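K.L.:
Can you keep this structure in mind? I'll have questions shortly.
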Amino acid sequence: MDLPVVELRRYTLKPGRRDEMISVFERHLMESQEDTGMALLGTFRDLDRPDHFVWLRGFTDMESRRESLTAFYAGPVWKEHGPAVRPTMIDTDDVFLLRPAGPGTGLGPGPRPLPPPGSPEPGGIIYVTFAAAAPDPLATFVTEPAENTYPALPVHEGVQVTVTLSRTDPGGDAARLTPTARSPLR
């Protein structure tokens, strides 16, 4: 089932601190977000920007987004582990609120692997393009026009985008992302 509301979050991190941030995120913050009703769809390292982390999370609707975000950010897990990730971050406001471009073009929750400790990253590349068609798309999204129901987390407003994820290099200025160890999307 495709989730009708998706956030594409692109974080700029302090130099050399991406792996530290991902470690805390994967150990402590993934399940706790899902426990509040969110779906973690994919977590990635940007291959061309070593201090960037990109991830996608989905919601069943805008109201559940508000409720889930409120529960998570007011909850005990964020209060305990948020202070460990905040110092790794420079900018977390590069966020697009999206919806599937049409029937069957979105993403639904998938299984998250639990690799053994010390196992290598899964490899592979996911390409993300803005306003460009990509061959063999995994998913295509457009801007969600609804008002941001959780203003404590800003999203781009008044910007219309089309975002395509694919496993085939479309050329141009596509972002090249590699999944983290526990990313559902590979």
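The values are calculated or read from the model by the stated rules, or taken from the named source; none is laboratory data. As the structure is a prediction and not an experimental result, all values here were calculated from the model. Cβ coordinates were reconstructed from backbone atoms using ideal geometry, including for glycine residues, and neighbour counts include every protein chain displayed. SASA here: full protein model, heavy atoms, side chains in, ligands and nucleic acids out. Shrake-Rupley method; radii C 1.70, N 1.55, O 1.52, S 1.80 Å.
K.L.:
All but one of (1) surrounded by fewer than 15 Cβ atoms within 10 Å (Cβ to Cβ); (2) at pLDDT below 95; (3) in contact with a strand residue (DSSP E or B) (Cβ under 9 Å, 6 or more places away or on another chain); (4) among the aliphatic types (A, V, I, L, M) hold for residue 1; which doesn't?
P.N.:
The number of the failed condition is (3).
K.L.:
Kindly provide the set of residues from the range 165-177 that are open to solvent by less than 20 Å² (accessible area, probe 1.4 Å) and either of a type in the set (A, V, I, L, M, F, W, C) or out of contact with any Leu (no Cβ under 8 Å at 6 or more places or on another chain) (or both), ordered by number.
P.N.:
165, 174, 177, listed by residue number.
K.L.:
Looking at the structure I just gave you, is residue 66 among the basic types (Lys, Arg), closer than 26 Å to residue 158 by Cβ, modelled with pLDDT of 95 or more and open to solvent by 10 Å² or more (accessible area, probe 1.4 Å)?
P.N.:
Here the answer is yes, as residue 66 does meet what is asked.
K.L.:
Mind listing whichever residues of the range 1-38 are within 18 Å of residue 180 (Cα to Cα) and among the polar types (S, T, N, Q)?
P.N.:
12, 23, 32, 33
K.L.:
Quick one: is residue 36 under 14 Å from residue 90 (Cβ atoms) and among the polar types (S, T, N, Q)?
P.N.:
Spelling it out, it is not the case that residue 36 is under 14 Å from residue 90 (Cβ atoms) and among the polar types (S, T, N, Q).
K.L.:
Moving to a separate point now. Could you list, ordered by first residue, the pairs with Cβ atoms under 8 Å in which the first is in the range 110-136 and closer than 15 Å to residue 56 by Cβ and modelled with pLDDT of 80 or more and the second is outside any strand (DSSP E or B) and of a type in the set (Ser, Thr, Tyr), at least 6 apart or interchain?
P.N.:
Sorted first by the residue in the range 110-136, then by its partner, the pairs are 127/168.
K.L.:
Considering the range 3-30 alone, what residues qualify as being on the phi < 0 side of the Ramachandran plot and without any contact (Cβ under 8 Å) to a residue 60 or more places away in the chain?
P.N.:
15, 19, 23, 27, 28, 29 - these are the residues of the range 3-30 that are on the phi < 0 side of the Ramachandran plot and without any contact (Cβ under 8 Å) to a residue 60 or more places away in the chain.
K.L.:
Further, regarding this structure: Would you check if residue 56 is within 19 Å of residue 139 (Cβ to Cβ) and in contact (Cβ under 8 Å) with a residue 24 or more places away in the chain?
P.N.:
Judged against the criteria, residue 56 is a match.
K.L.:
Same structure, new question: What is the one condition in (1) modelled with pLDDT under 95; (2) of a type in the set (Ser, Thr, Tyr); (3) within 18 Å of residue 32 (Cα to Cα) that residue 73 does not satisfy?
P.N.:
So residue 73 meets the others, but not (1).
K.L.:
Could you please give the count of residues in the range 141-164 that are within 14 Å of the chain's Cα centre (by Cα) and either without any contact (Cβ under 8 Å) to a residue 60 or more places away in the chain or not in a strand (DSSP E or B) (or both)?
P.N.:
Going through the range 141-164 one residue at a time, the tally reaches 3.
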